[in-house]
Amino acid sequence: MPDKPHFIRPCTRVWLILVIFTLMTWAISEAGLGGTHIMLIVLGAAFIKVELVASYFMGLRRTRWLWRGIVLGWLLLVTGLITVAYLSST
């Protein structure tokens, strides 16, 4: 019997991406980096992580666009408000 080809399932790929982004933000924190560009990088990583969790682990990639739009709208609103709050305080 031939061996099955080895492959990585999509949910495992997404999990690995989440781990990489988490390690990246942890490394930025440990290095003590700061500034607007670092904030935008960390916020962008958080945005991508939330979108991946919503799409793959909450199952929104298989739902109607209305539900995906609601979650994406909420995510854009929160991300935008955090950005505005940060930029207005500097």
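Apart from one condition, residue 35 fits all of (1) closer than 22 Å to residue 86 by Cα; (2) surrounded by 12 or more Cβ atoms within 10 Å (Cβ to Cβ); (3) not aliphatic (A, V, I, L, M); the exception is (2).
Would you call residue 77 over 13 Å from the mean Cα position of the chain (by Cα) and at pLDDT 95 or above? Even if it seems obvious, please write down each step before you answer.
On the way: over 13 Å from the mean Cα position of the chain (by Cα): yes; at pLDDT 95 or above: yes.
Yes.
Taken across region 15-35, residues that are modelled with pLDDT under 95, β-branched (Val, Ile, Thr) and out of contact with any strand residue (DSSP E or B) (no Cβ under 6 Å at 6 or more places or on another chain) do not occur at all. Go through region 63-90 and give me each residue that's touching a residue at least 12 places away in the same chain (Cβ under 8 Å) and either closer than 15 Å to residue 14 by Cβ or loosely packed, with under 11 Cβ neighbours inside 10 Å (or both). Of everything in region 63-90, just one residue is touching a residue at least 12 places away in the same chain (Cβ under 8 Å) and either closer than 15 Å to residue 14 by Cβ or loosely packed, with under 11 Cβ neighbours inside 10 Å (or both), namely 90.
Tell me which residues, restricted to region 46-74, are in contact with a Cys (Cβ under 9 Å, 6 or more places away or on another chain) and modelled with pLDDT of 95 or more.
Looking only at region 46-74, we keep the residues that are in contact with a Cys (Cβ under 9 Å, 6 or more places away or on another chain), and these are 56-57.
Matches in region 46-74: none.
Evaluating residue 11 against the criteria (1) at pLDDT below 95; (2) surrounded by 13 or more Cβ atoms within 10 Å (Cβ to Cβ); (3) within 15 Å of the chain's Cα centre (by Cα) leaves one unmet condition, (2). For first residues located in region 39-62 and on the phi > 0 side of the Ramachandran plot, partners that are of a type in the set (Lys, Arg) and in a helix (DSSP H, G or I) and lie 6+ apart or on another chain with Cβ distances below 6 Å do not occur.
The values are calculated or read from the model by the stated rules, or taken from the named source; none is laboratory data. A quick note: this is a predicted structure, and the numbers were derived from the prediction, not measured. Counting neighbours? That spans all protein chains shown, and the Cβs are built from the backbone with ideal geometry, glycine included.
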